[in-house]
1. Roughly speaking, what is the stretch gain from E191 to Q327, that is 0.36 nm per residue apart minus the C-alpha to C-alpha distance, in nm to one decimal?
2. What do you get for the angle between helix 128-137 and the principal long axis of the chain? Use alpha-carbon atoms, 0 to 90 degrees, nearest ten.
3. Note down the relative contact order for the chain as a percent, whole number, built from C-alpha pairs under 8 angstrom at least six residues apart.
4. Scan the chain and report its longest stretch carrying no GluC sites (Glu not before Pro) that are both in a DSSP loop and have at most 15 other Cβ atoms within 10 Å.
5. Of the residues T155, T254, T37, which exhibits the maximal mean-square fluctuation in a Gaussian network model of the chain defined by a 10 Å Cα contact cut-off?
6. Looking at the chain as a GNM with Cα springs under 10 Å, which of L265, L90, L241 has the largest mean-square fluctuation?
7. Any chance you could run the full-extension gain for A62 through T158? It's 0.36 nm times the residue separation minus the Cα-Cα distance, nm to one decimal.
8. Given the Cα atoms of the chain, and with Rh set as the inverse mean 1/r over their pairs in the Kirkwood sense, what is Rg to Rh to two decimals?
Amino acid sequence: MMQTKQLYFQNKINDPAIKEAASYIQSGEVVAFPTETVYGLGADATNNAAIKKIFQAKGRPADNPLIVHVAERKQMVALVEEYPTYVDELMKVFSPGPITYVLKSNGTVANLVTAGLETVGIRMPSHPAARALLMAANRPVAAPSANLSGKPSPTNATHVKEDMDGKIAAILDGGAANVGVESTVIDCTGEYPVILRHGGVTAAQINEVIQVETKQIKASNKPKSPGVKYKHYMPDVPLILVNDVTKLQEIIQTEQAKNKRVGALVSDQTAEKIKADKIYRYGKDEQEIARNLYNNLRQMQVKDVDIVYAEKITANTVGYAVLDRLQRAADSII
Ligand code: TXA
Ligand code: MG
């Protein structure tokens, strides 16, 4: 066990919290920091020994590569081979922001970061604390989401503390993450970009800049984005995703008749009509649903309920990313 320092981002020039967090990164330690999507678990992307500590703290399988975070375009260019021109077009519109570009690595980042792949995922976060930290550390920072492997991603410093206290050097607290789901991962090694993971930037938004393909992302032994084959975002109790909301009340009652305490994750509209032992609320629109999602999943504790049934949401924007996470968090879909 190590002492995990709590640092508070103050968003000012010469912020002492940023200075301290950056010094940990520079000396090969791991620091959790806020981004606009979720909190990240950061370490120097060029230092294999530092990256190893991330995998240990998370309990992450070694074949799942990490995203590298940069403050500026030129930092990205320094890590990759020549790339298609549409990447710069996309960057002009979406970066800094919740999008990750998978590009051909030039070998600069530590080999543990890419998990042996020839490509590297790079993103430029927009959160002021992330930007300040990247500038102060003055190097690329590899960072997966700051949760234990398999658990819901953290969207505030308390979530990070639950999973990482005693395992990392410091947690930089910069408040709640605004987007709430991870970045969109987009393969930019081919003629057209291909979405590997839905996220904060939607396929429709990308399509306005350049024609994008959405791969059927399925679990297989060698998926293009290795992370998608693992169980993810699992709450502490079983979660069942229900396609037909009109069946929800009957399903809940059937379970209660078996002496189970049943939770329901539902829209505000459904919450008014439904009876359950505990109601978890999605929120009012897709943005709010995304912002609340991981906190909702983390609130599902065995002390309150035995099982949770979740209403399927309709997706038009960031809701696609929410649905993707719900499907992967779910024990089953009925
Ligand atoms: O919003 C985010 O992306 C957050 C914040 C902290 O930046 N990070 C994040 O990292 O979600 P992580 O490690 O939880 O998820 C990274 C995903 C995984 O599914 C991984 O397989 C994929 O990105 N990935 C990373 N590098 C890749 C590469 N070179 N090729 C294909 N997929 C890659
Ligand atoms: Mg993750």
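1. 46.0 nm
2. 30 degrees
3. 20 percent
4. So the longest stretch without any such site is 119-190.
5. The residue with the greatest mean-square fluctuation here is T254.
6. L90
7. Full extension from A62 to T158 adds 31.9 nm.
8. Expressed as Rg/Rh, it is 0.98.
No lab work stands behind these numbers, since they all come straight from the coordinates. Keep in mind that this is a model prediction, so the values were computed, not measured. FYI the Cβ positions are ideal-geometry reconstructions off the backbone, even for glycines, and counts take in every protein chain you see.
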